[in-house]
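J.: Below is a structure I'd like to ask you about.
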Amino acid sequence: MYRWQGLDEVPAGWGESVVTIGEFDGVHRGHQSIVARAAQLGRERGLPVVAVTFDPHPDEVIRPGTHPPLLSSARRRAELLGGLGADAVCVLPFTLDFSRLDPEEFVRAVLVERLHANAVVVGEDFRCGYKAAGDVALITKLGEKYDYTTEGLPLLTLDGVTISSTHIRRLLAAGDVAEAAKALGRPHRVEGIVVRGHQRGRQLGFPTANVESPPHTAIPADGVYAGWLSTLDEAGQETRRWPAAISIGTNPTFDGTKQTVEAYALAPHDLDLYGVHAAIDFGTRLRGTLRFDSIEALVEQMHLDVAQTRELCC
């Protein structure tokens with residue numbers, strides 16, 4: 001799969017393609033249905049599929065300070081889109097100047113001149129161009145001018161609720177990682193570098209990997225979760241994976257103030273993961289964060305959390 005950072009990286013000889021466009025944050029089940037349709041069209045027409053997405057999130061540029069928590073990194077998005085059938089992912093740098101393109105300028109610059117769109121597949125709520133003036137009806141009309149077809153697919157629902165990145169963020173903020181996983185089609189993942197913490201877990205017999213994630217990462221609500229800890233290589237591919245008891249919070253028993261994301265892997269205690277790029281996948285919320293009256297009470301509860309994790313994830 002190709003990954004292009006901006007239109008300038010699209011090869012000069014790139015021919016016709018099927019194009020799908022969106023923020024694709026999380027690449028949830030709604031996004032998956034859109035990319036699947038684009039891949040189907042690509043097979044039928046014998047054309048490659050290009051998924052176009054944006055970085056940074058448009059909200060941060062249009063309304064600075066409103067950057068939503070991200071469900072996936074740009075690299076993870078590209079990996080997931082490729083797994084769904086995209087032959088190339090084009091990440092467009094979203095700037096203030098770019099946001100001011102009118103819809104036809106957007107269509108001409110992105111779809112026509114560089115990607116040579118033969119077909120365009122988007123969600124029915126798709127918007128593009130200055131002040132989001134371009135909708136499915138407009139890009140369909142422009143397709144008649146520039147010789148491409150357009151499909152605006154209905155939004156996917158689950159239990160009567162429209163699947164959206166915003167909805168999934170709300171679920172994570174409430175700690176409902178199980179429902180978030182249903183909408184995503186897989187467990188929610190938090191990635192980052194394993195850094196040194198206070199090493200209290202090691203002192204208590206539960207050495208944890210303290211994963212420091214990038215800014216704007218969607219972190220579930222404080223609490224204890226059962227899930228999995230993985231190490232990743234430079235390309236973002238898993239190299240090792242273990243069931244893990246995961247704690248998110250400020251460690252109130254020790255009067256902590258900084259939120260941390262820590263995972264205790266159900267693996268040999270001699271793991272040395274400092275400096276390693278790791279991923280935490282959330283399966284089930286076990287309980288909320290508690291302040292314990294004694295270290296002994298905390299350790300007793302940690303044993304129960306690990307036993308639950310072993311039962312759920314092994």
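J.: Could you list, in sequence order, all residues of the stretch 1-40 that are closer than 20 Å to THR149 by Cα and aromatic (Phe, Trp, Tyr)?
T.: TRP14
J.: Looking at ARG37, ARG43, ARG75, ARG29, which one is among the basic types (Lys, Arg) and closer than 22 Å to PHE98 by Cα?
T.: ARG75
J.: Cβ-Cβ below 8 Å, separation at least six or inter-chain, first residue in the stretch 255-281 and buried (at least 16 other Cβ atoms within 10 Å of the Cβ), second acidic (Asp, Glu) and outside any strand (DSSP E or B): which pairs?
T.: Partner pairs satisfying both residue conditions: HIS277/ASP233; HIS277/GLU234.
J.: Give the number of residues within the stretch 111-144 that are modelled with pLDDT under 95 and of a type in the set (Ser, Thr, Tyr).
T.: Counting residues in the stretch 111-144 that are modelled with pLDDT under 95 and of a type in the set (Ser, Thr, Tyr) gives 1.
J.: Okay, next question. Restricting attention to the stretch 243-255, does a residue exist that is farther than 25 Å from ARG186 by Cα and acidic (Asp, Glu)?
T.: Checking the stretch 243-255: at least one residue is farther than 25 Å from ARG186 by Cα and acidic (Asp, Glu).
J.: Among the residues of the stretch 21-62, which ones are touching a Leu at 6+ places or on another chain (Cβ under 6 Å), among the aliphatic types (A, V, I, L, M) and farther than 22 Å from PRO93 by Cβ?
T.: Residue satisfying the conditions is ILE34 alone.
J.: Considering each residue of the stretch 225-278, count those that are more than 22 Å from GLN308 (Cβ to Cβ), touching a Lys or Arg at 6+ places or on another chain (Cβ under 9 Å) and in a strand (DSSP E or B), and give that number.
T.: Result for the stretch 225-278: 1.
J.: Scanning the stretch 1-51 for residues that are outside any strand (DSSP E or B), of a type in the set (A, V, I, L, M) and within 19 Å of VAL107 (Cβ to Cβ), which turns out farthest from the chain's Cα centre (by Cα)?
T.: LEU47
J.: Which of (1) out of contact with any helix residue (DSSP H, G or I) (no Cβ under 6 Å at 6 or more places or on another chain); (2) among the hydrophobic types (A, V, I, L, M, F, W, C); (3) surrounded by 18 or more Cβ atoms within 10 Å (Cβ to Cβ) is the odd one out, the single condition ALA180 does not satisfy?
T.: It is condition (1) that ALA180 fails.
J.: Which numbered condition in (1) at negative phi; (2) out of contact with any Leu (no Cβ under 6 Å at 6 or more places or on another chain); (3) modelled with pLDDT of 95 or more is the only one that VAL18 fails?
T.: Of the numbered conditions (1) at negative phi; (2) out of contact with any Leu (no Cβ under 6 Å at 6 or more places or on another chain); (3) modelled with pLDDT of 95 or more, the odd one out for VAL18 is (2).
J.: Right, another one. Within the stretch 172-192, identify whether any single residue is over 18 Å from the mean Cα position of the chain (by Cα) and either outside the structural domain of VAL299 (by TED's automatic domain parsing) or assigned to a helix (DSSP H, G or I) (or both), and answer yes or no.
T.: Within the stretch 172-192, none of the residues are over 18 Å from the mean Cα position of the chain (by Cα) and either outside the structural domain of VAL299 (by TED's automatic domain parsing) or assigned to a helix (DSSP H, G or I) (or both).
J.: Answer yes or no as to whether LEU204 is crowded, with 21+ Cβ neighbours inside 10 Å and either of a type in the set (A, V, I, L, M, F, W, C) or outside the structural domain of GLY275 (by TED's automatic domain parsing) (or both).
T.: On the way: crowded, with 21+ Cβ neighbours inside 10 Å: no; either of a type in the set (A, V, I, L, M, F, W, C) or outside the structural domain of GLY275 (by TED's automatic domain parsing) (or both): yes.
When the stated conditions are applied, LEU204 does not pass them.
The values are calculated or read from the model by the stated rules, or taken from the named source; none is laboratory data. Computed from a prediction, not measured in an experiment: that's the story for all the values here. All Cβ positions, glycine included, derive from the backbone under ideal geometry; neighbour counts span all protein chains shown.
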